[in-house]
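Read through the structure below, which is laid out as structure tokens, and then see the notes.
Nothing in this text is a laboratory measurement; each read-out follows from the coordinates by a stated rule. Model, not experiment: these values are computed from the prediction. When we count neighbours, we look across all protein chains shown, and the Cβ atoms used for this are built from the backbone with ideal geometry, even at glycine.
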Amino acid sequence: MTMDRLYYVFIRVLALLLAVLFLVPIVWMLLLSFTPEGQNFFGGGTLHFTWDNYKKVLSLAPIFGWMGNSIIVSTVTTVLVLLFSSMAAYAFSRIRFPGSKLLFLLFLSGMMIPAEATLIPLYLLMRDFGLLGTRTSLVLPAVAGPMGIFILKQFFDGLPKDLEEAARMDGAGFFKIWYSIFLPLSRPALAALGIFTFIGAWNDFVWPLISISDKAYMTITLGLPMFQSSYVQQYALPMTANALAAIPVLVVFLIFQKQIIKGIAFTGGKEM
């Protein structure tokens, strides 16, 4: 067997082992969610699986309500981020105006500021506008993130200028060029940014904890710890709640995993 063949086999085996390693916690969580409370996997005897944990969790906590809030917040955040980030990235990439480079550097400097450093200003801003305790307060802080603008600008910089010049000769303006040319060509980058934004908004915990106090507007990341704190001596019910909360994110990842890989490949090697 040649060295190239050995290397190929080694990489495949290593990838398989890593995949199994990452799948073990998920499989363990699912098994516990179908297991009656108190049953020991390693104690011998016959294992029993039941749906009772799911029925009990759904009767004790508004899991679907929390999940619905998370879906609304994550979806609206993702749509607005894609919209505004793509418009700003197009402006920085194709429109030359005084101070454009300096303004872009200011946007990039926002990536160096820890999110924790902005919590107090955000809280005061949302309070002054009367938005605390609403879903709007969960969406607005994430809309103007510099990461999305940076990724899409890198992608737009690599697109041929001939397409834009041909559109201008046909009488197209900035908005039409952005909408009809740049957006369709940047689907891989938009898909990657959209998925990362959705998962980030879904998993956000600190800001919702500060800005939301009404249980009716709680997201799943806030509701789960509250539910689990009531069952610290048990493991089946918390695992069942976690399994329910993980379903949307897993579905999104499984459906769009190819777009994630393509988006990283397209945007990772661009120069600023």
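Observations on the model:
- Count Lys and Arg as plus one, Asp and Glu as minus one, and take only other residues whose Cβ is under 13 Å from that of Ala167; the net charge is then 0.
- Highest-fluctuation residue, Val27, Val79, Val57 considered, GNM on the chain with Cα pairs under 10 Å: Val27
- Ordering of 50-56, 250-256 by packing is 50-56, 250-256, highest average first (other Cβ atoms within 10 Å, averaged per residue).
- HN-Hα J in Hz across segment 76-82 - Karplus 6.51, -1.76, 1.60, θ = phi - 60°, x for Gly and Pro: 4, 4, 5, 4, 5, 4, 5
- On the basis of the beta-carbon distance and an R0 of 35 Å, Leu122 and Leu254 show a calculated FRET efficiency of 0.60.
- Förster radius 41 Å - calculated FRET efficiency between Asp214 and Leu108, Cβ distance, rounded to 0.05: 0.70
- Residue-wise HN-Hα coupling along segment 248-253, computed from phi with Karplus coefficients 6.51, -1.76, 1.60 (Hz; x: Gly, Pro): x, 5, 5, 5, 4, 5
- Approximate spin-label separation Phe205-Ala115, in nm, with each point projected 7 Å along Cα-to-Cβ: 1.1 nm
- The chain, helix-only ellipticity at 222 nm - DSSP H runs n ≥ 4, -39,500 (n - 2.57), divided by all residues, nearest 500: -23000 deg cm²/dmol
- Peptide ranges 5-12, 223-230 listed from the most packed, as the mean C-beta count within 10 angstrom indicates: 223-230, 5-12
- If the segment from Asp170 to Thr50 were pulled out straight at 0.36 nm per residue, it would be longer than the present Cα-Cα gap by 36.7 nm.
- Ordering Leu224, Trp202, Pro160 by Cα displacement along the dipole of the chain toward the positive end leaves Pro160 in first place; charges were set at the Cβ atoms of Lys, Arg (+1) and Asp, Glu (-1).
- Phi-based couplings in Hz for segment 14-23 (Karplus 6.51, -1.76, 1.60; Gly and Pro marked x): 4, 4, 5, 5, 5, 4, 5, 4, 6, 7
- Filtered chymotrypsin sites (Phe, Trp or Tyr not before Pro), segment 83-152: DSSP coil and at most 13 other beta carbons within 10 Å: Phe129
- Extent along the principal axes, Cα only, for segment 101-256: 69, 39, 26 Å, with the longest axis given first.
- Cα-based shape type of the chain, given that a ≥ b ≥ c are square roots of the gyration tensor eigenvalues and the cut on a/c is 1.5: oblate
- Applying 0.36 nm per residue to the separation of Ser180 and Leu163 and subtracting their alpha-carbon distance, the gain on full extension is 5.0 nm.
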